[in-house]
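The values are calculated or read from the model by the stated rules, or taken from the named source; none is laboratory data. Just so it is clear, the structure is predicted and the values come from calculations on it, not from any experiment. Cβ atoms come from the backbone with ideal geometry, glycine included; neighbour counts cover every protein chain shown. Note: areas computed on protein heavy atoms with side chains; ligands, DNA, RNA excluded. Shrake-Rupley method; radii C 1.70, N 1.55, O 1.52, S 1.80 Å.
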Amino acid sequence: MKYIDFIDTEKIENLVKNTHEDRERVEEILAKSLNKEALNLEETAALIAVKSEDLLEEIFNTARTLKKQIYGNRIVLFAPLYVGNYCINDCRYCGFRKSAKTTVRKTLTEQELKNEIISLENQGHKRLILVYGESPIYSPEYIAQTVRTCYETKSGNGEIRRVNINAAPLDIEGYKVVKAAGIGTFQVFQETYHRETYAAMHPSGTMKGDYMWRLSAMDRAFEGGIDDMGIGALFGLYDWRFEVLGLVSHAIHLKETFGVGPHTISFPRMQPANDIDIPLPWKVSDDDFKKLVAILRLAVPYTGLIMTARENKGIRDALMQFGVSQIDAGTHLEIGGYSEQKEKGSQTLSKEQFQVGDTRSLDEVICELLRNDFIPSFCTSCYRMGRTGEHFMEFAIPGFIGNFCSPNAILTLAEYLEDYAGEETRKAGFEQIDRELARISDPVRKAAVIKRLESVKEGKRDLHF
């Protein structure tokens, strides 16, 4: 199949250059967003062009309102688990690139992988994203086996209920193999949608040097039976305005071609990495970062926005208010880092892809979320009940997803509080659950949640709607 280059570079550059602030138009676009309608490129560019402080504040407030309407006050938690960092690519910004001289190369043995999973389960994690370098040793069959190991490895009440994948693009048959292992989301970042920058950062002659192979990764995934995809760009490689319009172009393409857009969008910023020293003329400021996340929330209302521990606590706390719906916590990026006994906050860049900005433990993150009136969620029920892809949209677009998400968040939080939480977190958590129950207006639904909560306290696990 011939794949479409849906990134219209000339059009995007013209929109960035020639779109100017138009207050009346922005007001109309914000009203459209509040109606939970996705934005087109021109509308997104109009929001990007806003510079007036009062209009920017209106964008932030609208994003905050929209996030609340769609996601409530839930924040989904996960952990990244690096399985191996051998790589045949030579991306100029990556600590795992093949020419990095001091990077420590490692692939977890099966027992080491089990040790990592047990360590994560003993912290309370239920959702993982497995990360691999691009190398022939990380074949679809190998990836599938590591996924099965995650699901089979259990410790006490701990179990992994959803495994997402961040790996190199596959061919259609490869995606079918990985899908059969029961994965959740398959995540591939384009890194940069700007062709010239892409070529400069990814040397020709490598797998990643093929722009179209990477751009069409999600198309092949759909053809391979995976309808739950994550896309992303690495901000700081090129103009953030171009990258936002590239991400929106990608979302529009997937929706128009396959009937469903990406399940998640990620927007990591460049961070220090081992043996890396390249100029960064497009570094994204905190103010522009907040703006771009709010705009993404408005442009793709039903897409989950992921913020990783690359960012520090302050920026993560701010962006959860009006855009971000998923975060990692208790993150270690070293191969084998979860099962090692390390001093809190210590990092070894020679063993990491990049530097972590938020080094708090899972329990510390959860406690802080509770203090800020969020409900931490480990929910995986939609994926396990088949509410993905078009089926997810059938529930999400009318707003019915709230009947599942908030109750399931309550139940998974209760599991965490019973099995893993520190004393302060446990107290704050049950107080938050009482507040969440008070917000459930349907008495039948509330009674059903309360009944399941009682079962959780009696020792039953994995109760969900």
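Computed quantities for the displayed model
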{"quantity": "Search result, residues across segment 1-31 that are open to solvent by less than 50 Å² (accessible area, probe 1.4 Å) and free of Cβ contacts under 8 Å to residues at least 60 places away in the same chain", "calculated": "THR19, VAL26"}
{"quantity": "Options GLU173, GLU141, GLU134: the member that is open to solvent by 10 Å² or more (accessible area, probe 1.4 Å), in a loop (DSSP other than H, G, I, E, B) and among the charged types (D, E, K, R)", "calculated": "GLU134"}
{"quantity": "Number of positions in segment 361-407 that are surrounded by fewer than 16 Cβ atoms within 10 Å (Cβ to Cβ) and either closer than 18 Å to ASP227 by Cα or at pLDDT below 60 (or both)", "calculated": "10"}
{"quantity": "Test: residue in segment 113-120 that is out of contact with any Lys or Arg (no Cβ under 6 Å at 6 or more places or on another chain), under 22 Å from ASP462 (Cα atoms), crowded, with 20+ Cβ neighbours inside 10 Å and among the polar types (S, T, N, Q)", "calculated": "yes"}
{"quantity": "Only listed residue being touching an Asp or Glu at 6+ places or on another chain (Cβ under 9 Å) and surrounded by 20 or more Cβ atoms within 10 Å (Cβ to Cβ), chosen from LEU81, LEU39, LEU47", "calculated": "LEU81"}
{"quantity": "Within segment 426-465, tally of residues that are part of a helix (DSSP H, G or I), open to solvent by less than 50 Å² (accessible area, probe 1.4 Å), free of Cβ contacts under 8 Å to residues at least 40 places away in the same chain and more than 17 Å from SER377 (Cβ to Cβ)", "calculated": "1"}
{"quantity": "Some residue of segment 271-282 being open to solvent by less than 30 Å² (accessible area, probe 1.4 Å) and modelled with pLDDT of 90 or more", "calculated": "no"}
{"quantity": "Sole residue being out of contact with any His (no Cβ under 9 Å at 6 or more places or on another chain), closer than 27 Å to GLU415 by Cα and of a type in the set (A, V, I, L, M, F, W, C), chosen from ILE137, ILE143, ILE70", "calculated": "ILE70"}
{"quantity": "Residue list for segment 144-170, filter: in a loop (DSSP other than H, G, I, E, B) and either surrounded by fewer than 19 Cβ atoms within 10 Å (Cβ to Cβ) or not small (Gly, Ala, Ser) (or both)", "calculated": "THR153, LYS154, GLY156, ASN157, GLU159, ILE160, ARG161, PRO169, LEU170"}
{"quantity": "Residue that is most open to solvent (accessible area, probe 1.4 Å), among those in segment 298-320 that are part of a helix (DSSP H, G or I), under 20 Å from THR62 (Cα atoms) and of a type in the set (Gly, Ala, Ser)", "calculated": "ALA318"}
{"quantity": "Residues located in segment 252-277, provided they are under 15 Å from the mean Cα position of the chain (by Cα) and of a type in the set (A, V, I, L, M, F, W, C)", "calculated": "ILE265, PHE267"}
{"quantity": "Residue pairs meeting the criteria (Cβ under 7 Å; at least 6 apart or on separate chains; first farther than 14 Å from ALA79 by Cα, in segment 98-124; second loosely packed, with under 14 Cβ neighbours inside 10 Å and at pLDDT 95 or above)", "calculated": "THR107/ILE137"}
{"quantity": "Which numbered condition GLY429 fails, given (1) modelled with pLDDT of 95 or more; (2) more than 26 Å from the chain's Cα centre (by Cα)", "calculated": "(2)"}
{"quantity": "Residue ID - farthest from SER381 (Cα to Cα), chosen from residues in segment 189-219 that are surrounded by 21 or more Cβ atoms within 10 Å (Cβ to Cβ) and either in contact with a Leu (Cβ under 7 Å, 6 or more places away or on another chain) or among the aliphatic types (A, V, I, L, M) (or both)", "calculated": "MET201"}
{"quantity": "ILE75 vs. criteria part of a strand (DSSP E or B) and among the β-branched types (Val, Ile, Thr)", "calculated": "yes"}
{"quantity": "Pair list, Cβ < 8 Å and 6+ apart or interchain, from segment 356-378 residues that are within 12 Å of GLY429 (Cα to Cα) to residues that are part of a loop (DSSP other than H, G, I, E, B) and open to solvent by 40 Å² or more (accessible area, probe 1.4 Å)", "calculated": "ASP363/TYR420"}
{"quantity": "Filter result (touching a Ser or Thr at 6+ places or on another chain (Cβ under 9 Å) and without any contact (Cβ under 8 Å) to a residue 60 or more places away in the chain) within segment 269-301", "calculated": "TRP282, LEU296"}
